[in-house]
Amino acid sequence: MRIGLLKEGDSENRVAFLPEVVSSLTKRKVSVLVETGAGESALASDAAYKEAGASIAQRSEVIKQADFLIGIQAPDEELVASFSQDKIWLSQYNPLWNIELVKNFQSKGLTTFSMDAIPRSTRGQAMDVLSSQATVAGYKAVLEAALKLPSFFPMFMTAAGTIRPATVLVLGAGVAGLQAIAIARKLGAQVQAFDVRSAVKEEVMSLGAKFVEVEGAQEDSAAGGYAVEQSEDFKQKQQQAINEHAAKANVVICTAQIPGRKAPLLLPKEAVAKMKPGSVIIDLAASTGGNCELSKDNETVVEYGVSIIGQSNYPSQMPIDASKMFGKNILNFLELLFNEEGEFSLNFDDAIVKGTCITHQGEIVNERVRSIIQP
């Protein structure tokens, strides 16, 4: 079987895997065909891919010759239309959100995998692209906030007086949130964090941050570690607590998301209006509506003297390491699909394979996606 690596669009600098992954695949007797210039934005040249054992071809030839096509983002309609029924597609295409794309895959009879559907288990950690890319997002979010904030992050005691440390509020203590906490603390800020999941309290405190606790949160062990929808009574208590802490913060990092749903609204415009002039909000959930009511995806807006940065693809701004981690996740997953002789096998008895496969032979395989599309 031949794997084809496709180049991403102009808005994406990452590549699904770097040349080092090619070497691992060719050892398994899997041939690799790479689209011309696929790794340029991640500083991986065509020559490097060739040296690792890949062949280089134009886009149309990669699509035609490869059996198994790999990308990062969801494919557009034109690309899907070019796929024959025997093609296999793998990327991070958010099937719980991109319902029409899933239906399109199903109608064409394509076998597709979405890496953001990897079951969150101990075994699945090595393939979890959401976690690896969220690490990048949390890191970059704090660095941008530090650059945009018109004051220092750390405390300074100088002959000209004492500069108080910045206060950072992190909404959502998943991987991105915890990374944001860690980096903000390293930069000397005072950090507070909010999350509806009580299980993350110890992790937050171990990083030196204060956990903002609101009683009465609903939790679901079947949610795979994600947050779940909350009651109206809890939302009111939550909103009051967040508003009070946001008003005192210099920076708010928004990371809260619920798979398949619009991001929870945590910072209404009334809360933004009470924040200090010059404050900065970084909204990592901007692509699914945003945690801040005033966020606009891929835009920076200034309201009430507060800079609101809607940025849901920070990993694209760190393409080398982000691609390295994404590619390692991909390789670990492909090892479940290919044996040492390079033979492809679709084993639905493997919970990770079945959970990550979204469509196959005209059927929706993933149970959660199927329950949304075919209730």
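When peptides 35-42, 178-185, 333-340, 234-241 are ranked by their average number of other Cβ atoms within 10 Å per residue, the highest-first order is 178-185, 35-42, 333-340, 234-241.
Note on log10 I(q)/I(0) by the Debye sum over Cα atoms at q = 0.06, 0.07, 0.12 Å⁻¹: of the candidates (1) -0.31, -0.42, -1.01; (2) -0.20, -0.28, -0.89; (3) -0.25, -0.34, -0.93, the value calculated from this structure sits at (3). Fraction of C-alpha pairs exceeding 20 angstrom in region 131-317: 49 percent, rounded to a whole number. According to the calculation over all Cα-Cα pairs in region 128-200, the P(r) per 5 Å bin from zero is 4, 17, 24, 22, 15, 9, 5, 3, 1, 0 %.
For the chain, give the share of DSSP beta bridges that are antiparallel, in percent and rounded to the nearest 5; count only bridges with both residues there. So the antiparallel bridges amount to about 25 percent of the total.
Remark on residue 94: its backbone amide H falls under 5 Å from those of 116, a criterion applied only to residues 5 or more positions apart or on other chains, H modelled at 1.01 Å from N. Over 24 Å apart at the Cα level, from the set 186/328; 148/269; 29/108; 29/64; 274/296, are 186/328; 29/108.
Taking amide H atoms as placed 1.01 Å from N in the peptide plane, the amide H of residue 212 lies under 5 Å from those of 193, 194, 195, each 5 or more residues away in sequence or on another chain. Two tests apply to each whole DSSP H helix in the chain, Cα reach of 15 Å or more along its axis and mean Kyte-Doolittle hydropathy of at least 0.0, and the ones passing both are 129-148, 175-186, 319-334.
Short-range pairs are left out: with C-alpha atoms under 8 Å and at least six residues apart, the relative contact order of region 1-143 is 20 percent. A straight line joining the Cα centroids of region 52-75 and region 76-107 runs 15 Å.
Close amide H partners of residue 56, meaning residues 5 or more places away or on another chain with modelled amide H under 5 Å apart, are 34. Over all distinct Cα-Cα pairs of region 219-375, the Kirkwood formula returns a hydrodynamic radius of 18.7 Å. Ligands, DNA and RNA excluded, the heavy atoms of residue 97 present near 110 Å² of accessible surface to a 1.4 Å solvent probe.
Could you tell me the distance between the Cα centroids of region 274-313 and region 154-170, to the nearest Å? Here the answer is 24 Å between Cα centres. Using bins of 5 Å that start at zero, the share of Cα-Cα pairs per bin across region 32-126 amounts to 3, 12, 20, 21, 17, 15, 9, 2, in whole %. Computed over protein heavy atoms with a 1.4 Å probe, the accessible surface of the chain works out to 46 Å² per residue. Rounded to the nearest percent, how much of the accessible area of region 131-317 (1.4 Å probe, protein heavy atoms only) is carbon and sulfur? The C+S portion of the solvent-accessible surface of region 131-317 is 51 percent. Counting only the Cα atoms, region 85-130 fills a convex hull of 71 Å³ per residue. Placing R0 at 25 angstrom, the Cβ-Cβ distance between residue 296 and residue 274 gives a FRET efficiency of 0.75 after rounding to 0.05. Averaged over residues, the count of other Cβ atoms within 10 Å places the peptides 139-148, 345-354 in the sequence 139-148, 345-354, highest first. Based on C-alpha pairs under 8 angstrom that are at least 6 apart in sequence, the chain has a relative contact order of 19 percent. Take each peptide in 315-326, 70-81, count the other Cβ atoms within 10 Å of every residue, and average; sorted highest first, the result is 315-326, 70-81.
The values are calculated or read from the model by the stated rules, or taken from the named source; none is laboratory data. Model, not experiment: these values are computed from the prediction. Methodologically, a virtual Cβ is constructed for each residue, glycine included, from the backbone with ideal geometry; neighbour enumeration extends over all protein chains shown. These area figures cover heavy atoms from the full protein model, side chains too; ligands, DNA and RNA do not enter into them. Shrake-Rupley method; radii C 1.70, N 1.55, O 1.52, S 1.80 Å.
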